[in-house]
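Q: Mind having a look at this structure? Questions to follow.
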Amino acid sequence: MLKIRLSHLLIVLLVLSIFLLSSCASLAVATPAPSGTILFQDSFATNVSGWDRLANDGGIMDYDSGGFRILILQPNMNYWSTPQKSFGDVRMEVDVTKLNGPDENRAGLMCRYQNGDYYFFIVSNDGYYGIGKFIGGQTLLLGQTVMQPSEFIQKDAMNHVRVDCIGNTLTLYVNFNQVASAQDSDFVTGDVGVLAGSFTQPGVDVLFQNFMVMQP
């Protein structure tokens, strides 16, 4: 009888040890990386890092000249590309340069992309910005009814764009200056990416370089 009880006790202790080890492992996985840790980056030096590419009557998305180029050949059209990743809270940065086309354009970053829905952060070469979301086939600006002007946007040069997607707070920085912030809680996790679009004039041609995703 004593041997049976000791055997039962040993089994209980073994099960408890396995449970504790599993719990510790789960906690280790759930612990976020230190702030500033690079989660993903791409210099676009090679064309095998997973970004969506295409070429059709509407335009081109592809690796080009040490960057990722989006050319829009039709009016009122958006193109976007993602590297097939998934993140929660992130800080993202990219350099955006207009190669050709109208100043009335839009280009920037996107976060929490899932099944065609996402948050977007855009600037234009005529000096405007916007934060919004694309949901259920509709484009909605957040915290503004139309794109707003900013003195921090360079009209004839490269713009360094940073966005923070942290909890339900979405923040846009241009050339190291905060220009806008908005609140929304529809999307929690998802892919990241770049996007560009045209308004009434086609020919929007932009190059993205030095793409980086960091732990906020």
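Q: Being in a strand (DSSP E or B) and in contact (Cβ under 8 Å) with a residue 60 or more places away in the chain, is that true of even one residue in segment 138-159?
A: yes
Q: Is one or more of the residues making up segment 122-129 closer than 30 Å to Val188 by Cβ, surrounded by fewer than 21 Cβ atoms within 10 Å (Cβ to Cβ) and more than 17 Å from the chain's Cα centre (by Cα)?
A: yes
Q: Considering every residue within segment 137-152, establish whether at least one is surrounded by 14 or more Cβ atoms within 10 Å (Cβ to Cβ) and β-branched (Val, Ile, Thr).
A: Filtering segment 137-152 down to residues surrounded by 14 or more Cβ atoms within 10 Å (Cβ to Cβ) leaves 141-143, 147-148, 150, 152.
Cutting the leftovers down to β-branched (Val, Ile, Thr) gives us none.
Looking for residues that are surrounded by 14 or more Cβ atoms within 10 Å (Cβ to Cβ) and β-branched (Val, Ile, Thr), one finds none in segment 137-152, hence no.
Q: In addition: Please indicate, with yes or no, whether at least one residue in segment 166-174 is modelled with pLDDT of 95 or more and closer than 12 Å to Ala107 by Cβ.
A: yes
The values are calculated or read from the model by the stated rules, or taken from the named source; none is laboratory data. Everything numeric in this text was worked out from a predicted model, so none of it was measured. No Cβ is skipped: glycine too gets one built from the backbone with ideal geometry, and neighbour counts run over all protein chains shown.
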